[in-house]
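Trainee: Would you mind keeping the following structure in view while I ask a few things?
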Amino acid sequence: MNETTEQIVTEQTTPQPLLNVTGLSKHFCDFTALHNIDLSLADGERLIICGPSGSGKSTLIRCINQLESPDSGQIELQGQLVGKAPRDLVMLRRRVGMVFQQFNLFPHLSVLDNITAAPRKLLNLDKAAAEHKALELLARVQLIDQSAKFPAQLSGGQQQRVAIARALAMDPVLMLFDEPTSALDPEMIREVLDVMRELGEQGMSMIVVTHEMQFARQAADRIAFMDQGQILAIETPEDFFDNPSQPRLKRFLDNILQH
Amino acid sequence: MSFDWLSFWEFLPRMLQAALVTIQVSVLAVGFSCLLAPPLTIIRLIAPWPARVVVGVFVEIVRGIPPLVIIAFVYFGLPAIGLMFDGFWTGVVALTIVGVAYAVEIMRSAIESLGRGQREAALALGFPVWRTYLELLFLQALKRTLPPLTNELANVIKASALLSVISVHEITQVGNALIFETFVVAEIMVQMTILYLIIVGALSTLSRKLESRLV
């Protein structure tokens, strides 16, 4: 009796993280892109990763969904260890959505087909159901009237919002954003960030690599700072900006916040 | 010397018969090339490395040697390992080898020209690698491959003229033989030219129709 109560108590105090990364390392030839990274993400948490270019930010999130295969380390998603077999990778990626810097829409498919392709082909959703869901998602990213267009007919900001809808169509438990606004005209950055902010407010767990510091301050639960393949600091936005612990982070902030 | 219509009509039936042989060899070789190239391209791109290397080496070797050598290899070389073909089937096999090698290279470069972005997007959505290639990249690349592929298959048809050296009764062999028998040169040359133009032209027309359909 006592034991079970204890067990319940410990389970409540340490809820299982959505994502748990331990000892992740990745080398490209002689270059150490990631050095022994530990990271965990709670369900519904919004983590923003920033740092200088070449610090390993993109490599880290690309390793999380195994677009790069790490040299060592473990990744657990919802308590399940992700294996190396092709089937494991496919199942992992179906639960983790990804949005890329260059949008990477399928140019030969309409907006609607871009969104429905994966649910229809991979989850065997029928056409009507997939399209119904796609239109809902398009409404969410404010593009309901663009469903028949092709990617080349859309602006960068619109394409990126379609890419977000496409990833959401698989009902991911975690969304990864790899510098989603870096390839956009300044005017279009906002519309994409607004969609992302809303997504986070609705409880989506997400990891965002970005240089948008204003967005980081407003939308993050925690901000991680990476340099030379390591996470030097993970802090709440307040501590991160106003009370940075690391000298390297201080220098980084001084450099980017000055102008 | 004037153009002799009498000899022109006299030799036309034999030349048409020869054209039929050229057409048969070409249709079979082009057909087999088109059937074999897609799966070999997929193997070349994503199969486990031994298979990938085998296809890669095959493509490089065939592209590196003249079609005439391949014809000689099939006709004189393969019997040594028990594979014996008559002239006609030597032509089909040799030209298929040539056609397939170039077609694989054309399809591979077309798929790779699509860039890694789309491939990564499909993988990130949870498409297995082979379905990414088959269902998303390959069809898209197909349209880009048609013009260069048609060019190359036209070359394969024209290479069928080389089968004259192993006495396949195709256009070039029959034409040459007639010229040496009869010393009627211009009329037969004109027939040979027209027949090749019609056959290669038919391929180009077919490809253009296909291309406009794929839009």
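The values are calculated or read from the model by the stated rules, or taken from the named source; none is laboratory data. Every value quoted in this text rests on a predicted model; they were computed, and no experiment measured them. Cβ sites come from the backbone with ideal geometry, for glycine too, and all protein chains shown count toward neighbours. Only protein heavy atoms, including side chains, enter the accessible area calculation; ligands, DNA and RNA are left aside. Shrake-Rupley method; radii C 1.70, N 1.55, O 1.52, S 1.80 Å.
Trainee: Scan the range B:126-137 residue by residue and report those that are open to solvent by 10 Å² or more (accessible area, probe 1.4 Å) and facing another protein chain (nearest Cβ under 9 Å).
Mentor: Within the range B:126-137, B:Pro128, B:Val129, B:Arg131, B:Glu135 qualify.
Trainee: Of all the residues that make up the range A:73-99, how many are within 11 Å of chain B (Cβ to nearest Cβ) and either in a helix (DSSP H, G or I) or open to solvent by 20 Å² or more (accessible area, probe 1.4 Å) (or both)?
Mentor: 9
Trainee: Among the residues of the range B:49-56, is there at least one that is in contact (Cβ under 8 Å) with a residue 40 or more places away in the chain and either touching a helix residue (DSSP H, G or I) at 6+ places or on another chain (Cβ under 6 Å) or surrounded by fewer than 20 Cβ atoms within 10 Å (Cβ to Cβ) (or both)?
Mentor: Yes, the range B:49-56 has at least one match.
Trainee: Okay, moving on. Going by the conditions given, is B:Ala141 in a helix (DSSP H, G or I) and either away from chain A (no Cβ under 11 Å) or at pLDDT 95 or above (or both)?
Mentor: Answer is no for this residue.
Trainee: Of all residues in the range A:54-68, count the ones that are open to solvent by less than 30 Å² (accessible area, probe 1.4 Å) and in a helix (DSSP H, G or I).
Mentor: Final tally of qualifying residues: 7.
Trainee: Tell me, which residue of the range A:30-53 that is without any contact (Cβ under 8 Å) to a residue 40 or more places away in the chain and more than 19 Å from A:Ile234 (Cβ to Cβ) is farthest from the other protein chains (Cβ to nearest Cβ)?
Mentor: A:Asp30
Trainee: Quick one: which of B:Glu181, B:Glu187 is open to solvent by less than 20 Å² (accessible area, probe 1.4 Å) and either touching a His at 6+ places or on another chain (Cβ under 6 Å) or outside any loop (DSSP other than H, G, I, E, B) (or both)?
Mentor: Criteria check complete, one pass: B:Glu187.
The rows are residues; the columns are (1) in contact (Cβ under 8 Å) with a residue 12 or more places away in the chain; (2) in contact with a Pro (Cβ under 6 Å, 6 or more places away or on another chain); (3) away from chain B (no Cβ under 13 Å).
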| residue | (1), (2), (3) |
| --- | --- |
| A:Thr116 | yes, no, no |
| A:Asn124 | no, no, no |
| A:Lys133 | yes, no, yes |
| A:Leu138 | yes, no, yes |
| A:Val141 | yes, no, yes |
| A:Asp145 | no, no, yes |
| A:Gln159 | yes, yes, no |
| A:Val162 | yes, no, no |
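Trainee: What number goes with the only condition from (1) within 14 Å of chain B (Cβ to nearest Cβ); (2) more than 25 Å from A:Val209 (Cα to Cα); (3) at pLDDT 95 or above that A:His108 does not pass?
Mentor: Evaluating A:His108 over (1) within 14 Å of chain B (Cβ to nearest Cβ); (2) more than 25 Å from A:Val209 (Cα to Cα); (3) at pLDDT 95 or above leaves (3) as the failure.
Trainee: Do the conditions hold for A:Gln102, that is, is it away from chain B (no Cβ under 13 Å), open to solvent by 20 Å² or more (accessible area, probe 1.4 Å) and not acidic (Asp, Glu)?
Mentor: no
Trainee: Collect the residues in the range A:212-245 that are free of Cβ contacts under 8 Å to residues at least 60 places away in the same chain, assigned to a helix (DSSP H, G or I) and over 12 Å from A:Leu47 (Cα atoms), keeping them in residue-number order.
Mentor: Those that are free of Cβ contacts under 8 Å to residues at least 60 places away in the same chain, assigned to a helix (DSSP H, G or I) and over 12 Å from A:Leu47 (Cα atoms): A:Gln214, A:Glu238, A:Asp239, A:Phe240, A:Phe241, A:Asp242.
Trainee: Would you pick out the residues in the range B:138-156 that are closer than 30 Å to A:Ser69 by Cα and open to solvent by less than 10 Å² (accessible area, probe 1.4 Å)?
Mentor: If the condition is that a residue be closer than 30 Å to A:Ser69 by Cα and open to solvent by less than 10 Å² (accessible area, probe 1.4 Å), then B:Ala141 is the only one that fits.
Trainee: I need a count of the residues in the range A:173-197 that are without any contact (Cβ under 8 Å) to a residue 40 or more places away in the chain and part of a loop (DSSP other than H, G, I, E, B).
Mentor: Here the count works out to 3.
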